[in-house]
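Asker: Before anything else, here's the structure in question.
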Amino acid sequence: LNFYNERYLKRFKDEPIEKSDLENSETFADAGNASEEAWQAEIERFDRIMSDWRKAIESADESKFEQSVSAENQSPWAEVVGLINTHNSHHGGQIVFIRKLQGSWDASKGVS
């Protein structure tokens, strides 16, 4: 999530995006060997990226949402921002579900 959310955020803000030759599978960390510290760092990174997205959306001119994402992707930003949010929600739900199955979900933090 962080890899693509950050790249789309940079594109939304008209910032340069470094070329990546990574295959999609290479954008995933080796979750089987991830430490709790690495997981917390990714959570913090996600929170920062999403906070930056919120600020970018709030400060964007309304016309930005009608513009195409890029020459290759003619979808308007309004549609893409909606899809990004749906995608993030989907994976967030998966994380909650898996952690509940593992018995590692703390229901006192919001989702019972």
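Asker: Inspect all residues belonging to region 54-65 and state whether any of them is over 22 Å from Ile98 (Cα atoms), modelled with pLDDT under 95 and of a type outside the set (Ser, Thr, Tyr).
Answerer: No, that holds for no residue.
Asker: Something else: Give me the residue from region 63-84 that is under 20 Å from the mean Cα position of the chain (by Cα) and charged (D, E, K, R) and, out of that set, surrounded by the most Cβ atoms within 10 Å (Cβ to Cβ).
Answerer: So, considering only residues that are under 20 Å from the mean Cα position of the chain (by Cα) and charged (D, E, K, R), the one surrounded by the most Cβ atoms within 10 Å (Cβ to Cβ) is Lys64.
Asker: Right, something else. Go through the residues of region 68-78 one by one and say whether even a single one is assigned to a helix (DSSP H, G or I), modelled with pLDDT of 90 or more and under 18 Å from Ile43 (Cα atoms).
Answerer: No - not one qualifying residue is present in region 68-78.
Asker: Determine if region 89-100 includes at least one residue that is over 16 Å from Phe3 (Cβ atoms), touching a strand residue (DSSP E or B) at 6+ places or on another chain (Cβ under 7 Å), in a helix (DSSP H, G or I) and open to solvent by less than 50 Å² (accessible area, probe 1.4 Å).
Answerer: Among the residues of region 89-100, not one is over 16 Å from Phe3 (Cβ atoms), touching a strand residue (DSSP E or B) at 6+ places or on another chain (Cβ under 7 Å), in a helix (DSSP H, G or I) and open to solvent by less than 50 Å² (accessible area, probe 1.4 Å), which makes the answer no.
Asker: If you don't mind, another one. Among the residues that make up region 40-53, is at least one of them touching a Lys or Arg at 6+ places or on another chain (Cβ under 6 Å), surrounded by 12 or more Cβ atoms within 10 Å (Cβ to Cβ) and of a type in the set (Gly, Ala, Ser)?
Answerer: No, that holds for no residue.
Asker: While we're looking at this one, here's another question. What's the number of the condition Gly82 fails, among (1) small (Gly, Ala, Ser); (2) under 15 Å from Tyr4 (Cα atoms); (3) in contact with a helix residue (DSSP H, G or I) (Cβ under 9 Å, 6 or more places away or on another chain)?
Answerer: Exception for Gly82: condition (3).
The values are calculated or read from the model by the stated rules, or taken from the named source; none is laboratory data. These numbers come from a predicted model, not from an experiment. Positions of Cβ are generated from backbone atoms using ideal geometry, with glycine treated the same way; all protein chains shown enter the neighbour counts. Heavy atoms of the whole protein, side chains included, go into the accessibility calculation; ligands, DNA and RNA do not. Shrake-Rupley method; radii C 1.70, N 1.55, O 1.52, S 1.80 Å.
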